[in-house]
1. Can you list residues from other chains, or at least 5 along the same chain, whose modelled amide H is less than 5 Å from the amide H of Ala89?
2. Straight-line reach only, C-alpha to C-alpha below 18 angstrom: list the aspartates and glutamates that Lys79 could link to, leaving out same-chain residues fewer than 8 apart.
3. ³J(HN,Hα) across segment 87-95 via Karplus (A = 6.51, B = -1.76, C = 1.60, θ = phi - 60°), whole Hz, x for Gly/Pro?
4. Classify segment 226-272 as rounded, prolate or oblate from the Cα gyration tensor: take a ≥ b ≥ c as the square roots of its eigenvalues, call it rounded if a/c is under 1.5, otherwise prolate when a/b beats b/c and oblate if not.
5. At 4 °C and a viscosity of 1.567 mPa s, what translational diffusion coefficient does Stokes-Einstein give for segment 241-299, taking Rh as the Kirkwood radius over Cα pairs? Give it in µm²/s as a whole number.
6. Per residue, how much accessible area does segment 106-153 show when a 1.4 Å probe rolls over the protein heavy atoms, in square angstrom?
7. Given a 1.4 Å probe and the protein chains all in place, what does the accessible area of Thr30 round to, in Å² to the nearest 10?
Amino acid sequence: MKRFYLFFLISLLFGLSQINARAQFEVKVTIEGAPNSLAKERSQREASQLLTAFSNDITGAMRLKKSLKETTILPETQKEILRLWSSSAMLCSVSEIKEQAIQQVNGGYQIRNIPISMLAADDDDQDLVLQFDKEGALINVSVAIETHNYNQVILKGHSVDDMTQRQIILDFVENFRTAYNRKDLDYLNMVYSNDALIITGREIKKKDKDYGNAMLSSLGAQKFEYQVQSKAEYMEKLKRIFKKNKYINIKFEEVTVARHPKRNKIYGVTLKQYWNTSTYSDVGYLFLMINFENGLNPTIEVRTWQPNEYQGREIARNEVFSFKNFDL
């Protein structure tokens, strides 16, 4: 049974109580491995406050905003939470959560596997990642990639440094994904390089065209035309999409990470993207070339998208864009 139906039952029971009574479906979060007792106490309290507010305040943003103001969550974090929630109301229908803190390179930590349902997006069951600073203050909420895929990528690290870098990359990917969910043009404008190459594929039946760095990939008897957009063009397109759609819900699966063979601060991330909005849905492969040469402020140099299938078959992974298609 989906989490929504459990919550619906809970809501119905609360609705039978007096009209002005406030529902008190409480979520208790326990965090093991926090850096100290004060940080543990604060992070547990704020995680519990957040998830309790989600599950009690799905009736409107104003009610959630009021509930968040009554918490100890930082105002700037509250603002980002409301932006994410405004795209789709979320709820957590479990009453107890116990998770291990995962230490981060900045001295903070995160917890994963926080189950939520995104109600506008067809009651889609997903997980959240809650990020805390070293004092235990909640500083970020993002939508997670699948746990098995996250662990699979992390465990491919062959040294402590490489594993740490992979964690940074996956955190970036999850924040990148969440920016679309919360329609955050400012964040996306920041992470895309001003000279970013943005390519979208479509099937054609005419002669090949020259698209500079972009290549035409042979797929069976047909070819694909790759339309190249500038960052400005792409951001303007996103602005229209965000305005048109009530919610944006994207998922990333089959995530793989590769280091560039010559430039060790540039990584390629390939993933399967499920794009779902109130007006349109599709499935395709993304390739992101991410430059980490500027430390903790990475930028996306290349973004490509190809449809998951054409003519009734899925495209093979070796037909998906990768480093070999671009000269650095």
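The values are calculated or read from the model by the stated rules, or taken from the named source; none is laboratory data. No experiment lies behind these values; they were computed from the predicted model shown. For accessibility, only protein heavy atoms count, side chains too; no ligands or nucleic acids. Shrake-Rupley method; radii C 1.70, N 1.55, O 1.52, S 1.80 Å.
1. Leu119, Ala120
2. Of all the aspartates and glutamates, those that pass the test against Lys79 - Cα under 18 Å, at least 8 places apart if same chain - are Glu46, Asp57, Glu70, Asp133, Asp184, Asp186.
3. Rounded to whole hertz, the list is 6, 7, 4, 10, 9, 10, 9, 9, 8.
4. Verdict is oblate for segment 226-272.
5. Value of D from the Cα-based Kirkwood radius: 98 µm²/s.
6. Roughly 30 Å² per residue, with all protein chains present.
7. 40
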